[in-house]
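Following: one structure in structure tokens, then a few remarks.
No value in this document is a laboratory result; all are computed from the given coordinates. Bear in mind that the values here come from a model prediction, so they are computed numbers and not experimental data. For neighbour counting, all protein chains shown are included, and Cβ atoms are generated from backbone atoms with ideal geometry for every residue, glycine included.
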Amino acid sequence: MDQIKIGKFIAQQRKEQSMTQRQLADILGISDKTVSKWETGNGLPEVSLMMPLCDRLKINVNELLSGERLTDFNYKMKAEENMMDLVYEKAQSRKKILLSAIVCGLTLLSGILLILLVGYFPMTALIRCLLIGAAVLEIAGGIAVAVVLDLESGTFECEKCGIRFVPAPGAYIAGPHTLTKRKLKCPHCGEVSYCKKRLTH
């Protein structure tokens, strides 16, 4: 999906309804920064906000995801195209999660092996410290890459209000988690809960 095109379409339809970003944000119960983010193509509305947004802009979800008004002739074609885009996005998210797990596992393994080898072989204290430092940096770098990949692979859905969001890296790292959920604070309702990982935006 073309986020820039969708953002321009949202802005155009909002202006046609004689609304400011703040007015639209108030109606949807979000911040005007979120609306601005959509309109500049830096993000898409969460699934739970799509219907209320479309109702207010007097468009349908298919038009929103296409970033243009649709005629009866091309409606079905665009619906199928949008569905394929969502399937592709989900597949890409799965790949990123798998790659994240592989990167994290390999860097942890190699870093721990390096630390064990440093303790096993005789060497000067300076070289030992340098190698341990390199191992720690390798582990930290691998975890950082894994976090970025995982953050890019979809969103988290608030257990309380159902809004989907991408958490800040610090909140993501600090949040206790299971395989499919992470304890996060929702930017919409402010509640802290175990938010479920979703593979689409």
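Lone cysteines in the chain, going by a 4.7 Å Cβ-Cβ cut-off?
Lone cysteines by the Cβ rule: CYS54, CYS104, CYS129, CYS195.
Give me a comma-separated list of calculated 3J(HN,Hα) values for the range 158-163, in order, Karplus coefficients 6.51, -1.76, 1.60 applied at θ = phi - 60°, integers in Hz, x for any Gly or Pro.
The phi angles translate into 4, 5, 8, 10, x, 6 Hz.
Provide the packing ranking of 98-109, 115-126, i.e. peptides ordered by the mean count of other C-beta atoms within 10 Å per residue, highest first.
Ranked from most to least packed, the peptides come out as 98-109, 115-126.
Hey, what do the phi angles of the range 50-58 turn into as Karplus ³J(HN,Hα) couplings, whole Hz, using 6.51/-1.76/1.60 and θ = phi - 60°, x for Gly and Pro?
4, 5, x, 5, 4, 4, 6, 8, 6
Which value in nm describes the separation of the simple spin-label points at MET84 and VAL136, placed 7 Å from the Cα toward the beta carbon?
Inter-label distance under the simple model: 5.1 nm.
State the extension gain, in nm to one decimal, for the chain segment bounded by MET51 and GLU152, taking 0.36 nm per residue of separation less the distance between their alpha-carbons.
Result: 34.0 nm gained on full extension.
With only Lys, Arg, Asp and Glu charged, each at its Cβ (+1 for the first two, -1 for the last two), find how big the charge dipole of the chain is about the Cα centre; round to the nearest 20 debye.
Charge dipole of the chain: 320 debye, to the nearest 20.
I'd like the Karplus ³J(HN,Hα) series for the range 119-135: coefficients 6.51, -1.76, 1.60, θ = phi - 60°, whole numbers in Hz, and an x wherever there's a Gly or Pro.
x, 8, 8, x, 6, 6, 4, 5, 5, 4, 5, 4, 5, 5, x, 5, 5
Testing the spin-label approximation: label points 7 Å from Cα along Cα→Cβ at GLN12 and THR178. State their distance in nm.
4.5 nm
Need the full-extension length gain, ILE127 to ARG22, defined as separation in residues times 0.36 nm minus the C-alpha distance. One decimal, nm.
This chain segment gains 31.9 nm when fully extended.
What shape does the range 154-198 take by its C-alpha gyration tensor, where a ≥ b ≥ c are the square roots of the eigenvalues and a/c under 1.5 counts as rounded, a/b above b/c as prolate, and the rest as oblate?
rounded
Take the alpha-carbon centre of the range 144-201, take the same for the range 1-70, and report the distance between them in whole Å.
23 Å
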